[in-house]
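Colleague: Below you will find the structure I want to go over with you.
The values are calculated or read from the model by the stated rules, or taken from the named source; none is laboratory data. Just so it is clear, the model here is predicted, and its values are computed rather than measured. A quick note on method: Cβ atoms are made from the backbone with ideal geometry, for glycine too, and the neighbour counts reach across all protein chains shown.
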Amino acid sequence: MDFKQIEAFVNVVRYKSFSKAADATFFTQPTISTHISVLEKELGTKLLDRRGRYVELTPQGRQFYKYAVEMVNTRAKAIDEINAESGAIEGILEIQSSSIPAITFVPELLAEFRNMYSKVQFYVDVSDTQSVIGDVIDRRGEIGFVGDKLSGTNLEYFKIFSDSVVLVVPANYQIADEISLAEAVNYPFIWRESGSATRKSFEEAAAKHGFDKSAFDVAANFNDLDPIIRSVEQGLGVSILSEYTVSKLGNNKVKMVRIKDFDVRRDFYMITLKGISLSPVAQAFKAFVEGRTYDLSR
């Protein structure tokens, strides 16, 4: 058993597929598959089950995974201690991010951090808030960025900033700059998937005012923010989005409308799992994010 095999196993679990693990680690897929096969043969047990395009842990694989992550991180920390005098930070950092952070502030953070440490490589998996939280808890990523804070989870949250939530409509809509919630719910909606924290906040607010989410006219559901914006542009419907996100895009084909009785601000966080050893590159990135100031006026 060597560390290349263990690292291959850890990355396949983190990215839930052999192909994504290969992309993230800059190896070929056959190389990753060979490492896993050799590891399973040496351990005398099957660690992974293929489920279509995705990979799942076997019971034996789940037991081995927690030790494998610790071995990989401990090795990285040992190398980092030895090279501490040089101040070198290098390696691949796996980041899980919900869509709004991925579009707005995460790229800026990555660029600044890599200007400081040019040998760092990033692999960013973009999904919704619930998926990001689940992946960080399952240790499929060391750092996460989300738009919601869940109680009862073994996570450490660092608040990045707060943002307003607005109704986004086509620019040619004849609509006031501010409307009521009762008016807003009459439009056809374009939604993110159910794990979206922005969608959740609107549905909860509507429920408090007596509007059943099952009665909404839903024109479409997407699992990505870009087609939502494009669909709003084309007049398919309206959507509830982060004000900062829409402003950052600078799109003159859509416009923002405030909802009078929906004064909700979204908080965005960096998350890590409590009580675990982060890799040196993840620890350095975490400290960088926590020590940085955030100017949202740009």
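Colleague: Within the stretch 125-163, how many residues turn out to be surrounded by fewer than 19 Cβ atoms within 10 Å (Cβ to Cβ) and of a type in the set (Asp, Glu)?
Modeller: Looking only at that region, the number is 2.
Colleague: Could I ask something else about it? Starting from the stretch 262-283, take each residue that is touching a residue at least 40 places away in the same chain (Cβ under 8 Å) and list its partners that are crowded, with 20+ Cβ neighbours inside 10 Å and among the aromatic types (Phe, Trp, Tyr), counting only C-beta distances under 8 angstrom and pairs at least six apart or across chains.
Modeller: As it stands, the answer is Phe262/Phe202; Val264/Phe202; Phe268/Phe105; Phe268/Phe145; Tyr269/Phe145; Met270/Phe145; Ile271/Phe145, since those pairs meet every condition given.
Colleague: While we're looking at this one, here's another question. Looking at Arg258, Arg266 in this structure, which one is in contact with a strand residue (DSSP E or B) (Cβ under 8 Å, 6 or more places away or on another chain), modelled with pLDDT of 85 or more and basic (Lys, Arg)?
Modeller: Values: Arg266 fails: modelled with pLDDT of 85 or more.
Going through Arg258, Arg266 in turn, just one is in contact with a strand residue (DSSP E or B) (Cβ under 8 Å, 6 or more places away or on another chain), modelled with pLDDT of 85 or more and basic (Lys, Arg): Arg258.
Colleague: Is the stretch 69-81 home to any residue that is among the hydroxyl-bearing types (Ser, Thr, Tyr), at pLDDT below 85 and either within 23 Å of Val289 (Cα to Cα) or touching a helix residue (DSSP H, G or I) at 6+ places or on another chain (Cβ under 9 Å) (or both)?
Modeller: In the first step, residues of the stretch 69-81 are kept if they are among the hydroxyl-bearing types (Ser, Thr, Tyr); the result is 74.
Cutting the leftovers down to at pLDDT below 85 gives us 74.
Subset that is either within 23 Å of Val289 (Cα to Cα) or touching a helix residue (DSSP H, G or I) at 6+ places or on another chain (Cβ under 9 Å) (or both): 74.
Yes, because at least one residue in the stretch 69-81 is among the hydroxyl-bearing types (Ser, Thr, Tyr), at pLDDT below 85 and either within 23 Å of Val289 (Cα to Cα) or touching a helix residue (DSSP H, G or I) at 6+ places or on another chain (Cβ under 9 Å) (or both).
Colleague: Could you tell me whether any residue of the stretch 188-201 is at pLDDT 85 or above, over 22 Å from Val246 (Cβ atoms), surrounded by 16 or more Cβ atoms within 10 Å (Cβ to Cβ) and β-branched (Val, Ile, Thr)?
Modeller: Residues of the stretch 188-201 at pLDDT 85 or above: 188-191.
Going one step further and asking which of them are over 22 Å from Val246 (Cβ atoms), we end up with none.
Scanning the stretch 188-201 turns up no residue that is at pLDDT 85 or above, over 22 Å from Val246 (Cβ atoms), surrounded by 16 or more Cβ atoms within 10 Å (Cβ to Cβ) and β-branched (Val, Ile, Thr).
Colleague: For the stretch 14-34, give me the residue count where each residue is on the phi > 0 side of the Ramachandran plot and either within 17 Å of the chain's Cα centre (by Cα) or not aromatic (Phe, Trp, Tyr) (or both). I'd like the intermediate steps shown before the answer.
Modeller: Taking the stretch 14-34 and keeping what is on the phi > 0 side of the Ramachandran plot, we get 16, 26.
Going one step further and asking which of them are either within 17 Å of the chain's Cα centre (by Cα) or not aromatic (Phe, Trp, Tyr) (or both), we end up with 16.
Number of matching residues: 1.
Colleague: Can you list residue pairs whose Cβ atoms sit under 7 Å apart, with the first residue in the stretch 37-53 being in the same structural domain as Lys20 (by TED's automatic domain parsing) and the second being modelled with pLDDT under 90 and hydroxyl-bearing (Ser, Thr, Tyr)? Count only pairs 6 or more apart in sequence or on different chains.
Modeller: Hits for this filter: Arg53/Ser17.
Colleague: Is it true that Ile228 is among the β-branched types (Val, Ile, Thr) and either surrounded by fewer than 20 Cβ atoms within 10 Å (Cβ to Cβ) or outside any helix (DSSP H, G or I) (or both)? Walk me through it before giving the result.
Modeller: Numbers: among the β-branched types (Val, Ile, Thr): yes; either surrounded by fewer than 20 Cβ atoms within 10 Å (Cβ to Cβ) or outside any helix (DSSP H, G or I) (or both): no.
Answer is no for this residue.
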